[in-house]
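The values are calculated or read from the model by the stated rules, or taken from the named source; none is laboratory data. Since the structure is predicted, the reported quantities are computational estimates derived from the model, not experimental observations. All Cβ positions, glycine included, derive from the backbone under ideal geometry; neighbour counts span all protein chains shown.
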DNA sequence: CAATACCCGTATTATAAATGCTTATTTTGC
DNA sequence: GCAAAATAAGCATTTATAATACGGGTATTG
């Protein structure tokens, strides 16, 4: 049971943008800071832009910028929308289900409740909460390093 | 984010054994009822036996039998022990971690809390709870069908 | 002794993620 | 106004991992 790296990278991108909100940040910058493939990051940026969470600007001085307030976006929301498959077991998806116990199976309900407990715990955490110690993060990001 | 089928099949096996506790149940029977590969099920049975949750008996009249009381085993326990990878993101595993934000990253703590909420919700559910409506399950399992 | 059923290690297959490449669009500078 | 450069967006390929299938081995019963 693990989160897809897609969601993971999306959260890292949002965290960075929440820390460096001044100018637009290029995907290349994000790629360098996080040590993640450029093209892979571009793909996640695309998904974030589609949902209106970030603004993308093309051209010579383009890049990514947060389009919403960090306190308005929760980790739970991000994962609910971006995680490609939240069906813990096959019977969660009626189309793929092969288990004929479903009618009387209480396991499914228990797992549903547990998943909801997981997500609602993350609903309590906003992007603003994640970056509350901005100085420490900026140090790790290398933001504010005067020397080239 | 989804559970491995390994854990899934293990839980189904335990549920069946909790419903049919009289004689030993062969892996072949379990395979037929659930429509799952024989060898794959045998592998999960092995893991259950190693933990003392079931007894296996070889030979002509052999099979699997529950070795503990259904109310003493929780779903949470099963998943904690059997799920091969509960590391939601790479930074949960220091050996595989490449993210250099770890020291100041609050995301990890949020995810840890959420995972614990998920598992503790499942700790509240015992195997006995899952099979409380035994007649309905036995009907689905085909247990008690007089006609051949 | 023969048949049945669990035990264990290996190999193949399938699926999904990660990466790389190509195309299209925008902006800046001449 | 045009050309060049930078960047986003979309598409295809490679890679890795998990699930599954298979074979031989061992123990037990009748």
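So which residues in the range B:137-148 are exposed (fewer than 15 other Cβ atoms within 10 Å of the Cβ) and outside any loop (DSSP other than H, G, I, E, B), if there are any at all?
Across the range B:137-148, the qualifying residue is only B:139.
Matching residues to (1) away from DNA strand D (no atom under 16 Å from the Cβ); (2) within 22 Å of residue B:2 (Cβ to Cβ); (3) within 14 Å of chain B (Cβ to nearest Cβ); (4) in contact with a helix residue (DSSP H, G or I) (Cβ under 6 Å, 6 or more places away or on another chain):
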| residue | (1), (2), (3), (4) |
| --- | --- |
| A:37 | no, no, yes, no |
| A:46 | no, no, no, no |
| A:56 | no, no, no, yes |
| A:84 | no, yes, yes, no |
| A:90 | no, yes, yes, no |
| A:97 | no, yes, yes, yes |
| A:111 | no, yes, yes, no |
| A:124 | yes, no, yes, no |
| A:134 | yes, no, yes, yes |
Query - Selection within the range A:31-51 - under 13 Å from the mean Cα position of the chain (by Cα), surrounded by fewer than 16 Cβ atoms within 10 Å (Cβ to Cβ) and within 12 Å of DNA strand C (Cβ to nearest atom) - result: A:43, A:46
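The rows are residues; the columns are (1) more than 15 Å from the chain's Cα centre (by Cα); (2) under 27 Å from residue A:48 (Cα atoms); (3) surrounded by 16 or more Cβ atoms within 10 Å (Cβ to Cβ).
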site	(1), (2), (3)
A:62	yes, yes, no
A:79	no, yes, yes
A:92	yes, yes, yes
A:102	yes, no, no
A:107	yes, no, yes
A:111	yes, no, yes
Report summary line: Considering the range A:1-22, residues that are facing chain B (nearest Cβ under 7 Å) and within 16 Å of DNA strand D (Cβ to nearest atom), and then whichever is nearest to residue A:36 (Cα to Cα), we arrive at A:8
Query raised in the report: Only one of (1) more than 7 Å from every other protein chain (Cβ to nearest Cβ); (2) at negative phi fails for residue A:63. Which number is that?
Result: (2)
Query raised in the report: Only one residue in A:22, A:72 is under 15 Å from the mean Cα position of the chain (by Cα) and either modelled with pLDDT under 85 or surrounded by fewer than 16 Cβ atoms within 10 Å (Cβ to Cβ) (or both), so which one is that?
Result: A:72
